[in-house]
Amino acid sequence: MTIPVRPGAARPAAAGAPDALAPLLDLPGVRDAADAARSGIDRLLGHRVLRRESAGVSAESALRGARASAALEGVDVPLALLRAGQVADPVVQGALRTSGALGSMVETWSRAPGQVLARLHVLAAADLVDRSALGRPAAHAGPRLAGLFALVTGTTSIPAVLVAGLVHGELAALSPFGTADGIVARAAGRLTGIARGLDPKAVSVPEVGFAELGRERYDQALAGYASGRPEGVAGWLVHCCRATEHGALEGLAVCESLLRG
């Protein structure tokens, strides 16, 4: 894949070196979309409920995020059944395990992304493949995963929502494991946003944003990213920003529901 700047170049070679990802902000619509996403998250983070109930909002966000991520894989179940523990589908269960574990991975993600990525796949695909295949990326994925890991551990001046979109897009396009790759990709994107300070309280629900925008648009945007053409990369990043805006609104809805009791 050829994209305007290689994700693997996110770590500067030396102090003062140019930011290899900065040109992404000049792609059509990307800067404005990133600003709008940041504003949406800031409105959510300013909600008064989060001064005393951030843990409860985060827990509900994880549940709704898991449901939406499974829905994007084609398994759409009612939230009430999920909350009641009445859904045994292996895709849904994998999404729940993955979403619920993200908080424990934040510190490790920026230091050892390969370790975390393997763990995400173990959680997401535990009931879908043989145990021997869990957490083991295919050989073809090696070179691009190295670039992805450099992106995760490196520094850049571009907004965190765009870094999260790149992580999500790379993993979803690469499909390194062959099973549950979409759930892993969305979890890694969300984890990136948490770790880089976009949503440090993990109270937004970007997965709901992607689901609300629709599976067809998700697939089209991802195909554009995978094409490597600048307009395709721009389209994907804008799509991720818009999903983040929607996810912030979902987080606000959770806050309001807790406020009403």
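Worth pointing out:
Yes/no matrix, rows are residues, columns are (1) within 16 Å of His168 (Cα to Cα); (2) loosely packed, with under 15 Cβ neighbours inside 10 Å; (3) of a type in the set (Phe, Trp, Tyr):
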site: Leu96; (1), (2), (3): no, no, no
site: Gly100; (1), (2), (3): no, no, no
site: Trp109; (1), (2), (3): yes, no, yes
site: Gln115; (1), (2), (3): no, yes, no
site: Val122; (1), (2), (3): no, no, no
site: Asp127; (1), (2), (3): no, yes, no
site: Asp130; (1), (2), (3): no, yes, no
site: Leu148; (1), (2), (3): yes, no, no
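- Unique match (being in contact with a Gly (Cβ under 8 Å, 6 or more places away or on another chain) and outside any loop (DSSP other than H, G, I, E, B)) among Glu256, Glu245, Glu212, Glu216: Glu245
- All of (1) surrounded by 14 or more Cβ atoms within 10 Å (Cβ to Cβ); (2) out of contact with any His (no Cβ under 8 Å at 6 or more places or on another chain) hold for Gln86 with one exception: (1).
- Of all residues in segment 212-229, those being surrounded by 15 or more Cβ atoms within 10 Å (Cβ to Cβ), in contact with a Leu (Cβ under 7 Å, 6 or more places away or on another chain) and over 16 Å from Glu170 (Cβ atoms) number 0.
- Of all residues in segment 75-100, those satisfying the criterion of being touching a helix residue (DSSP H, G or I) at 6+ places or on another chain (Cβ under 8 Å) and free of Cβ contacts under 8 Å to residues at least 60 places away in the same chain are Val75, Asp76, Val77, Leu79, Leu82, Arg83, Val87, Asp89, Val92, Leu96, Arg97, Gly100.
- Of the residues making up segment 156-200, those that are more than 16 Å from Ala146 (Cα to Cα), part of a helix (DSSP H, G or I) and of a type outside the set (Lys, Arg) number 16.
- Condition met for Leu252 (closer than 25 Å to Met105 by Cα and over 16 Å from the mean Cα position of the chain (by Cα)): yes
- The sole residue among Leu249, Leu213, Leu191, Leu259 that is modelled with pLDDT of 95 or more and more than 24 Å from Ala124 (Cα to Cα) is Leu249.
- Test result for Gly103, touching a residue at least 60 places away in the same chain (Cβ under 8 Å), in a helix (DSSP H, G or I) and in contact with a Phe, Trp or Tyr (Cβ under 6 Å, 6 or more places away or on another chain): no
Per-residue answers, yes or no, for (1) touching a helix residue (DSSP H, G or I) at 6+ places or on another chain (Cβ under 7 Å); (2) not in a loop (DSSP other than H, G, I, E, B):
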site: Asp19; (1), (2): no, no
site: Asp35; (1), (2): no, yes
site: Arg38; (1), (2): yes, yes
site: Leu44; (1), (2): yes, yes
site: Arg48; (1), (2): no, no
site: Glu53; (1), (2): yes, yes
site: Gly56; (1), (2): yes, yes
site: Glu60; (1), (2): yes, yes
site: Gly65; (1), (2): yes, yes
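- Residue under evaluation His140, criteria (1) touching a Leu at 6+ places or on another chain (Cβ under 9 Å); (2) farther than 24 Å from Leu82 by Cβ; (3) surrounded by 14 or more Cβ atoms within 10 Å (Cβ to Cβ), criterion not met: (3)
The values are calculated or read from the model by the stated rules, or taken from the named source; none is laboratory data. Quick caveat: nothing in here was measured; it's all calculated off a predicted structure. Cβ atoms come from the backbone with ideal geometry, glycine included; neighbour counts cover every protein chain shown.
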